[in-house]
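All of the numbers you see were taken from the coordinates with simple rules; none came from a lab. Everything quoted here is computed from the prediction, not taken from an experiment. Neighbour counts are summed over all protein chains in view; Cβ atoms, including those assigned to glycine, are modelled from backbone coordinates with ideal geometry.
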Amino acid sequence: MRAALFLGMGCVLGALSGCAIEPTMSSTFAEVSGTECEMLRCGTNSPVIDGLGFHELNLQGAVNAQHMRYVRFIQGTLDYTLHVTQGRLWGTRDGKVLEHAALKGAQIIVTQPSGKQFAITIVNVGTVHFWAVTPGTAPGAVPLIETYDLQWAEFTSSGKGEKLTPLCGNPARRDDTLGMIVRTAVVFEGDRIDADSKKVSAAIDPTWFNIGCAGHALAKLALTGHTEAARSFGYVTIPSERQAMLKMFTGDYCGTGEAFTIPGQPLYWRDDHGWMGFPSYPGPVQTPVEARWDAGGAICLGAPRLDVNIPAATAWPAGLSAPIASEILGACPLLPSCTNLDPKDLDGAHLVTANPM
């Protein structure tokens, strides 16, 4: 069972200490933030083209929330049909399959509201292990998911002379990427995620695919097995469980989309599938229950992360003040206290979080 995460110093949601991981049973360090997830639309390190942030595209050319539209998939002078299945990009043309390392140099062409066209170039293709580990998985047998170094430039007829810019523009710390190389991305199809409400749609639509940059909430969902695409690798979840994970990452206790956390807040978590658990300690460590979580946000509130590991005054969430528990209960006064303070007891929740001391 994977050691769940100490969300330590740095920015944006959850990660390992170090970039190379071997998913075995060990204590690890990571971090969660809500600020980044407030920005799924144009986020801290979400995909950004020409100043416009987005997180999903439609394979059939439907316009996304930012009025951005996928139009072509090409390599050199050849057009391919773009596919996204099982969390990876691939193309087909006249029976030929373009996939894995052969994707290098291929371009996803999109248009923006301005009418400009932009090419997202696949500069490199790599892999990363899932962060979550299903019970009984042998060491070294944790599945891999493809990652992509994606860079964009304005699309011209010559295709030359345009400077490439990383699609994942704001690099996460190397210890904040769940093993991904900074500025790389994962993709996954099917899930529709609303950035404002932080909700995952119950309807699965494989014509839409998400792009999650290293350190971004969507990358965290993918690597913790909380996507439709992850089913193919044995990580079976339902949309409500994926939504619970998103709520937990972002500190959306009330379930309204409002985040009550900041980047770099320490936090442990474990799930009811046994895929992720608290780290092992060399000695006794207090970890008071922070909250228990389901699709509606927190089921109950213990000791909120910002009140246990208090951030600097300059880092406090805009418009909020200490203690954060008062702010949370002001926003959702009916949220009960956690009467069961054993952090190892899920007590019917999908997730339980606890605070490192």
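Couple of notes before you dig in:
- Exposure proxy order (Cβ contacts within 10 Å, fewest to most) of VAL236, VAL48: VAL236, VAL48
- The ranking of LYS199, LYS220, LYS163 from fewest to most other beta carbons within 10 Å of each one's beta carbon is LYS163, LYS199, LYS220.
- Over 22 Å between alpha carbons, listed pairs LYS163/LYS220; LYS96/LYS163; LYS116/LYS163; LYS247/LYS344; LYS104/LYS163; LYS96/LYS116: LYS163/LYS220; LYS96/LYS163; LYS96/LYS116
- The peptide list 224-234, 99-109, put in order of mean Cβ contacts within 10 Å with the highest first, becomes 224-234, 99-109.
- Listed peptides 205-217, 316-328, 289-301, 130-142 appear in the order 205-217, 289-301, 130-142, 316-328 once ranked by packing, highest mean of other Cβ atoms within 10 Å at the front.
- Of the residues GLU56, GLU241, GLU162, the one with the fewest other Cβ atoms within 10 Å heads the list, and the complete ranking is GLU162, GLU241, GLU56.
- Gyration tensor verdict on the range 277-357 (Cα atoms; rounded if a/c is under 1.5, prolate if a/b is larger than b/c, oblate otherwise): oblate
- Measuring nothing but how far apart in sequence close Cα pairs (under 8 Å, 6+ apart) lie, relative to its length, the range 270-357 scores a relative contact order of 47 percent.
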